[in-house]
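All remarks here apply to the structure that follows.
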Amino acid sequence: MSLSLSAVIAQTQEPDKQGIVIELEGITVSSQHGEQGLLDVPAAITVVGARTLESTNTASLEQLAGFVPGLNVLVQTQGRPNLVIRGLTSDEVSPSAQPRVSVYFDHAPTSRASMALTELYDMERVEVLKGPQGTLFGRGSQAGAIHFITQKPTNLFGGYAAIGAGDYGMKHLEGALNIPVISDVLSTRIAGIYSYRDGYVKNNSGGTLNGKNTAGMRFSTSFTPKNSRFKADLTINYQNDNNSGTAFINPLGGTKVFDYEVYLDHDKEFYNKREVLGTILNARYYTNEQNYFSAISSYFNNTADARFDGDGTSGAAIDMTELVSAAQFMQEIRYNFSLGNRLTGVAGASFWREDVSQTYDFRPNEQYAAWLIFEMPTFLIHGTKMTFQSAMPHIGLTEDLYFTSDHEEVSTYNAVNSAFDLFFDACYKLLPKLSFTAGVRATFENFSIKNRAYHSAGEPSVIGQWFVFSDNVREPSFFINAPNREAVNFFFYPVENPKVEDAYFALTWRAGLKYDLSERSNLFAGYSRGRRPNVFQYNSMGELSVIDAETLHSFDVGYKIADRRFIFDLSLYYQLYSNFQSSMWEGMNYIIVNGGKATSYGAELSGRLALNGYLNIFGNYAFAHATFDDKDSEGKPQAMAGRTLRLTPRNSFLIGFNAGVDISRNMRITLTPTYSWKSHFWFEDANDEGIEQDAYGLLNANLALEFKKQGLTVSLFGTNLLGEKYLIGAGNMGAMFGIPTFVPGAPRMLGGKLTWKF
């Protein structure tokens, strides 16, 4: 089990010789059978608490990932973040594709990775569970689960307010207010954030890219009637991102990737917009403290809208927008039970449904795009418009031809995904020191999808990927319009496919043992089965394919200890995949394919040591070997044999310390630096040369001066202080034409913040 790096110096228990408390705080999690101590959960789990988030100035999921061994997070756009646990990433290429990493918000699933990126403000903790979590977190948690737990209303008036500024035009406002409306009955909490930063990549055609403009608000209330066994919590969370576009940089375009500048299309606004609204109602009825019924209802609505320059040059070849909308409803009823001192568990049922639409709007200027089709990208890079005379020597045609600059086509996908689940999970104490945990989830799921593509505006395409002969036979091939052929669209073949649907039944389960070596240490071992459902997808020709369900068999063993001054854990895992759903470019399509069998194994360890009342040190390390097998289930050689699963570094670690000293009775100064490092990894499962990231490390630090009586804290912080140059994306849509684009990570950034707690 991976233990929390949120353990900090507590303010209770026995002092050391200097009168300063040095015990690490206890940690609770809500991942299994209600609230439990971290040592009670026989699984690999990391908890990052509010104090760690504050002391390290961790504000994003990308930063938080460094504190979690085995977790890698890369974000090119808010609509398509990459969440990777032990080599498995959540790809949502098709609206029917389900996540491998389940993201929960106050016990409710958000399912899609596009809803996962939330600002880490007014958080109680973030729990990350690794390995299949199907029995507890549903069928979308094949690789693991990330659970955001927000601060809940209390019976005390209080809150905090913060204001910050920094380079790249950074502006930051944040705060929360807790109001006890009726003492011990009704409390509310309102929290909000505004975070702005100019883009760190200059678009020499106008504006900046890779910037941030986020506003969020959260309202929560707790209702506990007097002399009643009933309790209800309501949370409404809203976040709006209106960020500048992503800097897809083509090294052939006249600038180097780490010049942090690019020449994209003139007179066009590139953007990444996203809006998420979530409502969660959690009602509970207690028969006693250990036995209670829960009814969790949630509704999430998400819209992600992005416009990007896919070729990464000033030539207007690939101008595309992607709009994804998803609405999700979930109703779960569960019963948490405890029978004596030996058996605890949970049983329940849930219904989940999502309606998803995905729309691509493609606007090629064929006077530039033709150079890509004819594999002459250097002409595109230098901004040369295609004419018939310049094309003729290459394509061997003699008739007059005009390349349109005004063409627009649209392809839309609509899916309805639903599931009904029954689940049971329990822990039984076999002996005073030995307990057995087992669980099972039965899932009845249904998927439906339909697709439509059409020429929406402008002139018909002259260069068609899809064309029709005079006898109505269609074939895929880029061509120049000829007498017996009719070009229709450049990219998407015009088609209207009726709805297709199918239903499936699946079981996932887990079993494990935990042996208590002492009150503060134990050993555990477990097995779990995970599953990613079948994927329905259309290619650009409008042809439907169904990819088989992916299955995962995972084995874990671990050791953990939590003493007053010392926390340490070690977990080893071995995982076997069948029908691995790999994402790759196949011709003009980025699709999911059956990659066959794969195997991963590794080790994860983390720890924290409180040396004295002034200093504690912490760190973690992860080793991951995740590759495709040489042969498939039929003993035949696999196409991607030996290749490493994408976005999975072989080695990674984080080290840091928290050093604090009182410089007066009222003033305390604290320094918290962290250094995280990742070894080489690939951006695609194909492991294409150049689409990769070499080893790199990031140094972040936060220096805080606290005025205790006034409740004020002044902090100075910096990220990537060593100015490391690294990528957060490579390949992308340009790879389809042999001109991969690259997205640089953020350079050194500095800022300051004033926080008042009251």
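The values are calculated or read from the model by the stated rules, or taken from the named source; none is laboratory data. Quick caveat, the model's predicted, so the values are computed rather than measured. Every residue, glycine as well, gets a Cβ built from its backbone with ideal geometry; the counts of neighbours run over all protein chains shown. These area figures cover heavy atoms from the full protein model, side chains too; ligands, DNA and RNA do not enter into them. Shrake-Rupley method; radii C 1.70, N 1.55, O 1.52, S 1.80 Å.
Please compute the Kirkwood hydrodynamic radius of the range 161-220 from all pairs of different C-alpha atoms, in Å with one decimal.
One over the average 1/r among Cα pairs gives 13.7 Å for the range 161-220.
Distance from the Cα centre of the range 557-595 to that of the range 286-359, in angstrom?
The range 557-595 and the range 286-359 have Cα centres spaced 21 Å from each other.
Rounded if a/c is under 1.5, else prolate if a/b is larger than b/c, else oblate: which is the range 591-683, with a ≥ b ≥ c the root eigenvalues of its Cα gyration tensor?
Here the range 591-683 falls in the prolate category.
Please return the longest range in the chain lying between exposed loop sites, taking GluC sites (Glu not before Pro), DSSP loop only, at most 14 other beta-carbon atoms within 10 Å, and leaving the sites out.
Answer - 1-268.
Consider a paramagnetic label point 7 Å from the Cα of L517 along Cα→Cβ; state which residues of the range 550-573 have an amide N under 20 Å from it.
Backbone N within reach: 556-573.
Step through the table entries K152/K708; K636/K678; K514/K597; K212/K450; K212/K753, compare each Cα-Cα distance with 28 Å, and write down the pairs that go over it.
Result: K636/K678; K514/K597; K212/K450 exceed 28 Å.
Could you tell me whether the range 652-758 comes out rounded, prolate or oblate from its Cα gyration tensor? Rule is a ≥ b ≥ c as square roots of the eigenvalues, rounded for a/c under 1.5, then prolate if a/b exceeds b/c, otherwise oblate.
prolate
Restricting things to alpha carbons, find the Rg to Rh ratio for the range 205-327 using the Kirkwood radius for Rh.
Ratio value, two decimals: 1.28.
Relative contact order (percent) for the range 616-758, with alpha-carbon contacts under 8 angstrom and 6 or more residues of separation?
RCO, the range 616-758: 17 percent.
How big is the range 497-626 on each of its three principal axes, counting only the C-alpha atoms and giving the largest first in Å?
Projected onto its principal axes, the Cα set of the range 497-626 covers 67, 32, 25 Å.
When only C-alpha pairs under 8 Å and at least 6 residues apart count, what is the relative contact order of the range 492-611, in percent?
20 percent
Would you please give the FRET efficiency between Y428 and S664, computed as 1/(1 + (r/R0)^6) with r the Cβ-Cβ distance and R0 = 51 Å, to the nearest 0.05?
0.40
Can you pull the Rg over Rh of the range 538-692, Cα-only, Kirkwood?
1.17
Please tell me the relative contact order of the chain in percent, rounded to the nearest whole number, where contacts are Cα pairs under 8 Å and at least six residues apart.
Relative CO of the chain lands at 12 percent.
Counting Lys and Arg as +1 and Asp and Glu as -1, each charge on the Cβ, what is the dipole of the range 680-758 about the Cα centre in debye, to the nearest 20?
Here the range 680-758 has a charge dipole of around 980 debye.
With a ≥ b ≥ c taken as the square roots of the eigenvalues of the C-alpha gyration tensor of the range 58-162, please select rounded if a/c is under 1.5 and otherwise prolate if a/b is larger than b/c or oblate if it is not?
prolate
Accessible area per residue for the range 72-171 in Å², computed with a 1.4 Å probe and the full protein assembly in place, what is it?
Solvent-accessible surface per residue comes out at 21 Å².
Putting +1 on Lys and Arg Cβ atoms and -1 on Asp and Glu Cβ atoms, find which of S111, L186, A162 reaches farthest to the positive end of the dipole of the range 92-198.
Of S111, L186, A162, it is S111.
Nothing charged except the Cβ atoms of Lys and Arg (+1) and of Asp and Glu (-1): what's the magnitude of the dipole of the chain about its Cα centre? Round to the nearest 20 debye.
The dipole of the chain has a size of about 3200 debye.
Go ahead and estimate [θ] at 222 nm for the chain from helices alone: -39,500 (n - 2.57) per DSSP H run with n ≥ 4, summed, over the residue count, rounded to 500.
-1000 deg cm²/dmol
When ligands, DNA and RNA are left out and all protein chains stay put, how many square angstrom of accessible area per residue does the range 197-296 have with a 1.4 Å probe?
Ligands and nucleic acids excluded, the result is 47 Å² per residue.
The range 233-272 to the range 177-230: how many Å between their Cα centroids?
The two parts, judged by their Cα centres, are 24 Å apart.
Using 1/(1 + (r/R0)^6) with R0 = 30 angstrom and r between the beta carbons of Y194 and E543, what's the FRET efficiency to the nearest 0.05?
Working from the Cβ atoms, E equals 0.05.
Rg and Dmax of the chain over Cα atoms: what are they, in angstrom?
Gyration radius and largest Cα-Cα distance of the chain: 27.0, 93 Å.
Given 25 °C and 0.890 mPa s, how large is the Stokes-Einstein diffusion coefficient of the range 117-211 in µm²/s, with Rh as the Kirkwood radius over Cα pairs?
Using the Kirkwood radius from Cα pairs, D works out to 146 µm²/s.
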